[in-house]
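Structure record follows, encoded as structure tokens.
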Amino acid sequence: MHTEEWIAAKEFCKYHQIELSFIFSLQEFGLIELSTVEEEICIPTDQLKHVEQLALMHHEMDINLEGIEAITHLLQQIENMQQKIVVLHNRLEVYESR
């Protein structure tokens, strides 16, 4: 990936006033992806919103990493179910229009 698609983890942490160790913990829990770009630890820009939400849960709501992992898992399940509902709704419309 090009460097425009990544943001330095240090800059993200400085901007959001969080510790770099929190970012590494998120990676250890499998909640985010990090990469090294030009010898700097970076976060993909398409994950920034997600990482900001995780940081908010941890620092503003005082939710520990295990709780964040559980919440993230449940939110992913909800999103999957919503997608299935849309597919089933579309199929149902096909049968109802006949």
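The values are calculated or read from the model by the stated rules, or taken from the named source; none is laboratory data. None of these values were measured; they are calculated from a predicted model. Note that each Cβ is placed from the backbone with ideal geometry, even for glycine, and that neighbours are counted across all protein chains shown. The accessibility values were calculated without ligands, DNA or RNA, using every heavy atom of the protein model including side chains. Shrake-Rupley method; radii C 1.70, N 1.55, O 1.52, S 1.80 Å.
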Only one of Ser35, Ser25 is in contact (Cβ under 8 Å) with a residue 24 or more places away in the chain and more than 20 Å from Met61 (Cα to Cα); which? Ser35
Residues of the stretch 30-61 classified as outside any helix (DSSP H, G or I), within 24 Å of Leu74 (Cα to Cα) and over 12 Å from the mean Cα position of the chain (by Cα), total: 2
Among the residues of the stretch 22-38, which ones are out of contact with any helix residue (DSSP H, G or I) (no Cβ under 9 Å at 6 or more places or on another chain) and open to solvent by 70 Å² or more (accessible area, probe 1.4 Å)? Gln27, Thr36
Residues in the stretch 19-29 that are among the aliphatic types (A, V, I, L, M) and under 16 Å from the mean Cα position of the chain (by Cα): how many? 2
On the given criteria, is Glu52 open to solvent by 70 Å² or more (accessible area, probe 1.4 Å), more than 16 Å from Ala8 (Cβ to Cβ) and out of contact with any Lys or Arg (no Cβ under 9 Å at 6 or more places or on another chain)? no
Of the residues that make up the stretch 63-72, is at least one in contact with a Cys (Cβ under 9 Å, 6 or more places away or on another chain), modelled with pLDDT of 95 or more and assigned to a helix (DSSP H, G or I)? no
Would you mention how many residues in the stretch 57-71 are open to solvent by 30 Å² or more (accessible area, probe 1.4 Å) and over 17 Å from Leu20 (Cβ atoms)? 9
Say whether the condition of being aliphatic (A, V, I, L, M), closer than 19 Å to Gln27 by Cα and open to solvent by less than 70 Å² (accessible area, probe 1.4 Å) is met by at least one residue in the stretch 74-93. no
